[in-house]
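Colleague: Got a structure here, written out as structure tokens. Questions coming.
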Amino acid sequence: MKQACALIAGVIFGLGLILSGMANPAKVLNFLDIVGTWDSSLAFVMGGAVLVTAPGFALLRRMRDKPIFAETFQFPTKSDIDPKLLIGAVMFGVGWGLGGFCPGPALTSVPIAAFGTLVFVPCMLGGIWIARNAPELSKPSLRHLG
Amino acid sequence: METEFTPFLSLAGGMLIGASAVLLMATDGRIAGISGLASKLIGRDTDRDARSVAGMFILGLLLSAPLWLLFSGEWPDQFVADNILLMATAGFLVGFGAVYGNGCTSGHGVCGIARGSARSIIATASFMGAAILTVFVTRHVFGGVG
């Protein structure tokens, strides 16, 4: 049941990405091109998403002490602003500004099979894998530099 | 290339994304952060439960474009650059940066902001800034890449 709900949630998410235009790198890049061919539509995507998610999460926590099919609400607990957060965010932002794709839209676009997508996605998965599994990356420290 | 300003479609799509995030939290207690879910799917030591939920959600994403094709008669509209070096670099930076920085547009930008997380607000501002700067440099300093 849990997996079926996850599948349905994924389909809804993907349809939302497509409907909103987020799955079109040209539209995303135009949102980021504030001095050029600016298309502000994507502000409405984030706005619409937060409009639903903010009260949705708040209501969930108030009405229930656990999810329907799991033991806990896994809300993140970290609160410090560490270098990893900022370095990661900037790297992500540069990549997003180069390709016009972030992970959700990129995966959603795989079946459409544009050449650029088929290059982007494996490299994205490679980057994810390295960041996740390379043990020395989990604790950045100057010791590694010699 | 110009893209059409689509405030209503983008808002509607965004609200679907928000609904998906609330659904995943309500049923399984997890944040609908695509980079995190992809990372759990391909990571080495994820528990089976997390991996199956992540896998099903991503399968849902992969099914959304074919479903769109089925019901609308055409693939979603998109333009993707086909410069290999550009898309490979972009993909790697997006994948690595998102996991290193603990989230992407869905994890930080939607879910994190919806929770009022300071980490996510700062991460989002950082990647937005980096992305906007990147597009400015590629389009208006270098006259376009890819």
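The values are calculated or read from the model by the stated rules, or taken from the named source; none is laboratory data. Because the structure is predicted, anything quoted here is derived from the model rather than measured. In this analysis, Cβ positions are derived from the backbone assuming ideal geometry, glycine residues included, and neighbour counts consider all displayed protein chains. Keep in mind that these areas ignore ligands, DNA and RNA; they rest on the heavy atoms of the full protein, side chains included. Shrake-Rupley method; radii C 1.70, N 1.55, O 1.52, S 1.80 Å.
Colleague: Please note which helices (runs of 4 or more DSSP H) are completely contained in the stretch A:8-108 and include at least 3 residues that are at pLDDT 95 or above and within 15 Å of the chain's Cα centre (by Cα). Reasoning before the result, please.
Modeller: Values: elements: A:25-32, A:41-63, A:83-99.
Filter on the stretch A:8-108 gives A:41-63, A:83-99.
Colleague: Cβ contacts < 7 Å: first residue closer than 15 Å to A:Leu42 by Cβ, restricted to the stretch A:95-120; second residue charged (D, E, K, R), any location; separation 6+ or different chain. Result?
Modeller: Filtered contacts from the stretch A:95-120: no entries.
Colleague: Test of understanding: among B:Leu9, B:Leu16, which residue is within 7 Å of chain A (Cβ to nearest Cβ), open to solvent by 10 Å² or more (accessible area, probe 1.4 Å) and within 15 Å of the chain's Cα centre (by Cα)? If you could, list the steps in order and put the result at the bottom.
Modeller: Details: B:Leu9 fails: within 15 Å of the chain's Cα centre (by Cα).
So the residue among B:Leu9, B:Leu16 that is within 7 Å of chain A (Cβ to nearest Cβ), open to solvent by 10 Å² or more (accessible area, probe 1.4 Å) and within 15 Å of the chain's Cα centre (by Cα) is B:Leu16.
Colleague: Could I ask something else about it? On the basis of being on the phi > 0 side of the Ramachandran plot and either over 15 Å from the mean Cα position of the chain (by Cα) or free of Cβ contacts under 8 Å to residues at least 12 places away in the same chain (or both), does B:Gly55 make the cut? Walk me through it before giving the result.
Modeller: Values: on the phi > 0 side of the Ramachandran plot: no; either over 15 Å from the mean Cα position of the chain (by Cα) or free of Cβ contacts under 8 Å to residues at least 12 places away in the same chain (or both): yes.
Spelling it out, it is not the case that B:Gly55 is on the phi > 0 side of the Ramachandran plot and either over 15 Å from the mean Cα position of the chain (by Cα) or free of Cβ contacts under 8 Å to residues at least 12 places away in the same chain (or both).
Colleague: Here is a check on your reading of the model: is A:Ala6 open to solvent by less than 20 Å² (accessible area, probe 1.4 Å), without any contact (Cβ under 8 Å) to a residue 60 or more places away in the chain, over 26 Å from B:Glu4 (Cα atoms) and aliphatic (A, V, I, L, M)? Quick ask: steps written out before the conclusion?
Modeller: Details: open to solvent by less than 20 Å² (accessible area, probe 1.4 Å): yes; without any contact (Cβ under 8 Å) to a residue 60 or more places away in the chain: yes; over 26 Å from B:Glu4 (Cα atoms): yes; aliphatic (A, V, I, L, M): yes.
Yes; evaluated as a whole, the condition is true for this residue.
For every residue, the table says whether it meets (1) within 7 Å of chain A (Cβ to nearest Cβ); (2) open to solvent by less than 20 Å² (accessible area, probe 1.4 Å); (3) in a helix (DSSP H, G or I); (4) more than 17 Å from A:Ala89 (Cβ to Cβ).
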position: B:Phe79; (1), (2), (3), (4): yes, no, no, yes
position: B:Asp82; (1), (2), (3), (4): yes, no, no, yes
position: B:Ala90; (1), (2), (3), (4): yes, yes, yes, no
position: B:Val94; (1), (2), (3), (4): yes, yes, yes, no
position: B:Gly97; (1), (2), (3), (4): yes, yes, yes, no
position: B:His108; (1), (2), (3), (4): no, yes, yes, no
position: B:Ile122; (1), (2), (3), (4): yes, no, yes, no
position: B:Phe127; (1), (2), (3), (4): yes, yes, yes, no
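To keep it simple, each residue is scored yes or no on (1) within 7 Å of chain B (Cβ to nearest Cβ); (2) without any contact (Cβ under 8 Å) to a residue 40 or more places away in the chain; (3) of a type outside the set (A, V, I, L, M).
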site: A:Leu32; (1), (2), (3): yes, no, no
site: A:Thr37; (1), (2), (3): yes, yes, yes
site: A:Gly48; (1), (2), (3): yes, yes, yes
site: A:Asp65; (1), (2), (3): no, yes, yes
site: A:Ser79; (1), (2), (3): yes, yes, yes
site: A:Phe92; (1), (2), (3): yes, yes, yes
site: A:Arg132; (1), (2), (3): yes, yes, yes
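Colleague: If you scan the stretch B:64-77, which residues turn out to be on the phi < 0 side of the Ramachandran plot and surrounded by fewer than 18 Cβ atoms within 10 Å (Cβ to Cβ)?
Modeller: Start the filter on the stretch B:64-77 by keeping residues that are on the phi < 0 side of the Ramachandran plot, which leaves B:64-72, B:74-77.
B:Pro66, B:Leu67, B:Leu69, B:Leu70, B:Phe71, B:Ser72, B:Glu74, B:Trp75, B:Asp77, listed by residue number.
Colleague: Could you pull out the residue among A:Leu19, A:Leu32, A:Leu15, A:Leu42 that is buried (at least 20 other Cβ atoms within 10 Å of the Cβ) and touching a Lys or Arg at 6+ places or on another chain (Cβ under 8 Å)? Full working, then the answer.
Modeller: On the way: A:Leu19 fails: touching a Lys or Arg at 6+ places or on another chain (Cβ under 8 Å); A:Leu32 fails: touching a Lys or Arg at 6+ places or on another chain (Cβ under 8 Å); A:Leu15 fails: touching a Lys or Arg at 6+ places or on another chain (Cβ under 8 Å).
Going through A:Leu19, A:Leu32, A:Leu15, A:Leu42 in turn, just one is buried (at least 20 other Cβ atoms within 10 Å of the Cβ) and touching a Lys or Arg at 6+ places or on another chain (Cβ under 8 Å): A:Leu42.
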